[in-house]
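The values are calculated or read from the model by the stated rules, or taken from the named source; none is laboratory data. What you are looking at is a predicted structure, and each value in this text was computed from that prediction instead of being measured. Virtual Cβ from ideal backbone geometry, glycine too; neighbours counted across all protein chains shown. These area figures cover heavy atoms from the full protein model, side chains too; ligands, DNA and RNA do not enter into them. Shrake-Rupley method; radii C 1.70, N 1.55, O 1.52, S 1.80 Å.
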Amino acid sequence: MTTINITAPIQKRTIPLGLRGENEITQVVFDYSQWVTEFGNGVVTLLVKRSKDTSAYPVVVTTERESATWLVTATDTAFAG
């Protein structure tokens with residue numbers, strides 16, 4: 001499994017998720033400890049927008065301590081690009 005670590009400050013950027021149709025091959029881990037320090041505890045929501053989609057959709061994330069993990073599914077890699 002490939003793990004992509006994202007640390008604060010989180011910036012809008014393209015993340016290579018894998019090949020079309022791959023399922024649960026890549027996980028993206030977001031470290032949000034800096035936000036917790038500044039704003040306190042809260043709820044994490046991740047919206048994903050594929051390159052050719054017109055809008056973003058929510059994905060499932062699991063949280064542990066001060067990081068959120070998104071396990072990329074075949075839906076997320078359904079379209080090339």
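With an 8 Å Cα cut-off and a minimum separation of 6 or more residues, compute the relative contact order for segment 1-59 in percent.
Numbers: 50 pairs, mean separation 18.3, N = 59.
Contact order relative to length: 31 percent.
For the chain, what is the mean residue ellipticity at 222 nm derived from helices alone (per DSSP H run of n ≥ 4: -39500 (n - 2.57); sum divided by total residues; nearest 500 deg cm²/dmol)? Don't skip to the end; give the middle numbers.
Details: 1 runs with 7 residues, N = 81.
The per-residue figure over the chain is -2000 deg cm²/dmol.
Work from the charge dipole of the chain (Cβ charges, +1 for Lys and Arg, -1 for Asp and Glu, about the Cα centre) and give the residue of VAL43, THR73, PRO16 farthest towards its positive end.
Going by the charge dipole, the pick is PRO16.
What residues of segment 1-35 lie in the reach of a label at ARG65, counting those whose backbone N is under 19 Å from a point 7 Å from the Cα along Cα→Cβ?
Label zone hits: 3-10, 27-35.
For segment 12-81, give the percent of accessible area contributed by carbon and sulfur heavy atoms, probe 1.4 Å, rounded to a whole number.
On the way: 2790 of 5150 Å².
Here carbon and sulfur together make up 54 percent of the probe-accessible area.
Over all alpha-carbon pairs of the chain, lay out the pair-distance distribution in 10 Å bins, whole %, shortest bin first.
Percent of Cα pairs in each bin: 17, 51, 27, 6.
Looking at the chain, what % of its DSSP beta bridges pair antiparallel, to the nearest 5? Let's see the in-between values first.
Working: 12 of 17 bridges.
Of those bridges, close to 70 percent are antiparallel.
Under a Cβ-Cβ cut-off of 12 Å, what is the net charge of the residues other than MET1 that fall near it, where Lys and Arg count +1 and Asp and Glu count -1?
Numbers: positive: none; negative: GLU22, GLU24.
Result for the local shell: -2.
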